[in-house]
Amino acid sequence: MRPYNTFGIDVKARHFCRIQSVEEFRELLSSPYYQNSKHLTLGGGSNLLFTRDFDGIIIKNEIKGIEVVSEDNDRILIKAGAGEGWHNLVVHCVNHNWGGIENLSLIPGTVGAAPMQNIGAYGVEIKDVIECVEGIDMTSGQTRSFSNEECKFSYRESVFKHDLKEKYFISSVTLSLTKKNHLMNTNYGALQDTLKQLQLSDITISAVSKSVIFIRQQKLPDPSLIGNAGSFFKNPTIDAAHFERLKKQHTTIPSYPTENQYVKIPAGWLIEQCGWKGKRIHNIGVHSQQALVLVNYGSGNGNEILELSKAIQSSVKDKFDIQLSTEVNII
């Protein structure tokens, strides 16, 4: 499975198959390989950490295709196959001047994994544009469409990670995007600074996308060069009273207001303050440019990375009384 996970962890699966259509998946459901094994659905392999061999069948979703479902003068509905590369879809939409996902440029992974994780960046989450998610019941083979509300989105969470985990095989995602009068989110300081740096004074969805790509390429390592799964931890939210106590001790602590009087703290800042940024332990470590990213320098294994993540969580808890949660799925 080494080529199929961006950490580059060298593990094996008992069985492996690629699915390129709904019909192929239904055919798989009737096979003894599927019926007699536990199973794991794989997209781009960019959001998981293998800690051992997988004694079952790994199903790689390769259902492709991008089509227009409907449109009017203002909005357009786009349906994309779950096996499409997420960034490929973003580029397609930006090139057609369809707005809503430009802030999510260069996020690794597939379209099908995006709603599972409720991916987000620079003030935008995929839940903001999802019309529906189509999935196939992994027992009956029946197709079901989930509305935005039924997906139960929250910060890096969805019903597909909890109540319906490994119960539905996501086959497509439909997005509602703008064709004009785009509501672009450029509130993040790094995004505003980059727009100026790149001299993109005309704020278009293309300009926003280019700026996000520039930022991500500067901060995040290319998985083809250094094994990683992007952000390993979620940005934690704490109550206002907790934040005020921390601010008295750490006057420069960055924060972002959220709903219900909670405050979001950048996990990368917390990790950096604990001295982890750039730290290397044999074949694994913490990236030198972004403390939120754990890396495999070549021959590290999943358990080593898992133990590193636990040590980071422990030190952040001790210093800030904040418990970091992993964004990466640990297998």
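Things to note:
- Taking residues in the range 189-200 that are in the same structural domain as Val212 (by TED's automatic domain parsing), and partners anywhere that are assigned to a helix (DSSP H, G or I) and among the basic types (Lys, Arg), the pairs with Cβ atoms closer than 7 Å and at least 6 places apart or on different chains are Leu198/Lys210; Leu200/Lys210.
- Enumeration of residues in the range 231-264 that are closer than 22 Å to Ala311 by Cα and either in the same structural domain as Ser46 (by TED's automatic domain parsing) or among the hydrophobic types (A, V, I, L, M, F, W, C) (or both): Phe232, Phe233, Ile238, Leu246, Ile253
- Yes/no for Leu292 being touching a helix residue (DSSP H, G or I) at 6+ places or on another chain (Cβ under 6 Å) and not hydroxyl-bearing (Ser, Thr, Tyr): yes
Residue-wise test of (1) under 21 Å from Ile119 (Cβ atoms); (2) in the same structural domain as Leu164 (by TED's automatic domain parsing); (3) charged (D, E, K, R).
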residue: Val22; (1), (2), (3): no, no, no
residue: Arg26; (1), (2), (3): no, no, yes
residue: Pro32; (1), (2), (3): no, no, no
residue: His39; (1), (2), (3): no, no, no
residue: Asn47; (1), (2), (3): yes, no, no
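- Residue within the range 245-253 that is under 14 Å from Val316 (Cα atoms), of a type in the set (Lys, Arg) and modelled with pLDDT of 90 or more present: no
- Gly83 passes every criterion in (1) within 19 Å of Lys167 (Cα to Cα); (2) under 19 Å from the mean Cα position of the chain (by Cα); (3) part of a strand (DSSP E or B) apart from (3).
- When residues of the range 130-177 are limited to those that are in a loop (DSSP other than H, G, I, E, B) and of a type in the set (Phe, Trp, Tyr), the one farthest from the chain's Cα centre (by Cα): Phe153
- Only residues that are crowded, with 20+ Cβ neighbours inside 10 Å and assigned to a loop (DSSP other than H, G, I, E, B) were counted in the range 102-121, giving 8.
The values are calculated or read from the model by the stated rules, or taken from the named source; none is laboratory data. The model shown is predicted, which means the values in this text are computed figures rather than measured ones. Here Cβ is always computed from backbone atoms with ideal geometry, including for glycine, and neighbour counts include all displayed protein chains.
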